[in-house]
Structure formats: structure tokens, C-alpha cells
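See structure below.
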Amino acid sequence: MTLRSMPRRGRSILAVLLFAILGALLALLLYAAMGYADALRDAPRLKARADRLIAEGRGPDALTPAELRQLIRVEDPDFWHHHGVGNDTPGAGVTTITQSLSKHLAFAAFKPGVRKLRQTTYAKGLEARLSKRQILALFLAEASFGRGPKGWMQGVFTASAQVYGKPPADLPQAQWLRLVAVLVTPSDFHLFGPDPRLDERVRRVERLFAGRCQPRDNGDVMLDGCA
């Protein structure tokens, strides 16, 4: 059946469906564009905040070089090369460091689904205006580390002080890796008290760093390839 031979009612219904699909696509494009535009609007304030964090000794330079390498190796191995989005690095998952930061900055409460589109375009906007060093400073301040004695722990320096009583640069390797290991799903791990699942996560991270294993694919954020 051709379009011309279709009954008038059928053509009307098809036209309505096509307009609805076109409208939905345009709405998604506008939603995506607004995410990018909002990041550009927020960039001056975020740059200033990142520079303050760095000046206060709470940026990436406050970690040891080894700690910074390990953090990036687990969270976002291609961080220095991508522009906010990376979907093919083994073990990285679909959320880069910049996208993870966008969850905290661009949403009152992030939920999967269409909001992933805004998360991605906001991350692209951050990458367009902020340096990698500034993005890392903000990520270190916003990252979640689960529940502590004073409530939810936000920021690596806060978590390090509450859990171990000292800054990250002064932590032994074992303690630092526990902090890094929690980042993948902070609500599922416990830094206070025994946590066999966290212990296993740390062992997998250690095997990864030792070159004894590799993640199975991009989606292997739990490092099952290192089990």
C-alpha cells in the first residue's frame, strides 16, 4: 500500500505519529543543547571554585603522583585524552570522570534514563571551558564515599580525614586503595568496619595495577576480569 492509496483516516493518523516523533526528537535535541549551554554558563563560577580548591591544597596536586595515576586508572583510564565521553576503554564504563562530576553539578537528583543525555552534554561543556586539572579538582571535591560518622561523605579529602585522620598523600597504599575502590558504588561499600566485598574489590584493583589481569570490556567496572 502506498501513502496515496491509504485511507484518509490512516494518513491522518500517520501524520500525527510523524509529528509526534519529530516533536520528541526536537525536544531531546533542545534538552541536550540546554545541558551544554548550562555548562558554559556555569563555567566561570566552576573555574573559580576549582582554582580555590587547588590553591587550598585540595586539588589533584595534593595527591601523590602514584595516587593520581591509580585513581584515573580505575575511574577513567582515558581521562587525559577524551573530551568528556569515552565508551570503549576496558573497565571504564559509560561514565567518565567528567560525566560523574556532571551528576553532582547539573542535577538536584540524578536518575538514569533521558537525563543521561543532559549529563553527557553538560560534561562536554565542562571539557570545553575547564582544564583537566580544574575538572579533577572539582571531582575530588564532589565524589561520594558512602556513609560516615557525620553522615554522607563527599570529597576525597573529607573521606580521608574522617576514615583515617589524615590527608590522602599521607595514606599508605592499602588505605588509599580502599578509598579508590569505593568510588564505583559508594552506597554498596562500607569504609568503617569490616566489609568483605570491599576487601575483594581492593584485591581486584591491586591485581589490575600489578598487570596480572585486565577488565573484560568497557562495562566491566566491577573488574570481574580480575576476580
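Data overview
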{"read-out": "Positions within the stretch 117-138 being within 12 Å of the chain's Cα centre (by Cα) and open to solvent by 10 Å² or more (accessible area, probe 1.4 Å), in sequence order", "value": "THR120"}
{"read-out": "Residues located in the stretch 70-118, provided they are among the small types (Gly, Ala, Ser) and in contact (Cβ under 8 Å) with a residue 40 or more places away in the chain", "value": "GLY84, GLY91, ALA92, GLY93, SER100, SER102, ALA106"}
{"read-out": "Among (1) surrounded by fewer than 15 Cβ atoms within 10 Å (Cβ to Cβ); (2) under 29 Å from THR158 (Cβ atoms), the one test that LEU25 misses", "value": "(2)"}
{"read-out": "The one condition in (1) aliphatic (A, V, I, L, M); (2) open to solvent by 10 Å² or more (accessible area, probe 1.4 Å); (3) more than 13 Å from the chain's Cα centre (by Cα) that VAL94 fails to fulfil", "value": "(3)"}
{"read-out": "Which listed residue, of GLY165, GLY211, is over 22 Å from ALA92 (Cα atoms) and more than 23 Å from the chain's Cα centre (by Cα)", "value": "GLY165"}
{"read-out": "Wholly enclosed helices (runs of 4 or more DSSP H) of the stretch 146-227 bearing at least 1 residues open to solvent by less than 60 Å² (accessible area, probe 1.4 Å), within 19 Å of ASP76 (Cα to Cα) and of a type in the set (Lys, Arg)", "value": "173-182, 196-209"}
{"read-out": "Test for PHE145: is it under 14 Å from the mean Cα position of the chain (by Cα) and touching a residue at least 24 places away in the same chain (Cβ under 8 Å)", "value": "yes"}
{"read-out": "Residue that is nearest to TRP80 (Cα to Cα) [pool: residues in the stretch 97-116 that are small (Gly, Ala, Ser) and open to solvent by less than 60 Å² (accessible area, probe 1.4 Å)]", "value": "SER100"}
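The values are calculated or read from the model by the stated rules, or taken from the named source; none is laboratory data. This is a predicted model, so every value here is computed, not measured. Note that each Cβ is placed from the backbone with ideal geometry, even for glycine, and that neighbours are counted across all protein chains shown. For accessibility, only protein heavy atoms count, side chains too; no ligands or nucleic acids. Shrake-Rupley method; radii C 1.70, N 1.55, O 1.52, S 1.80 Å.
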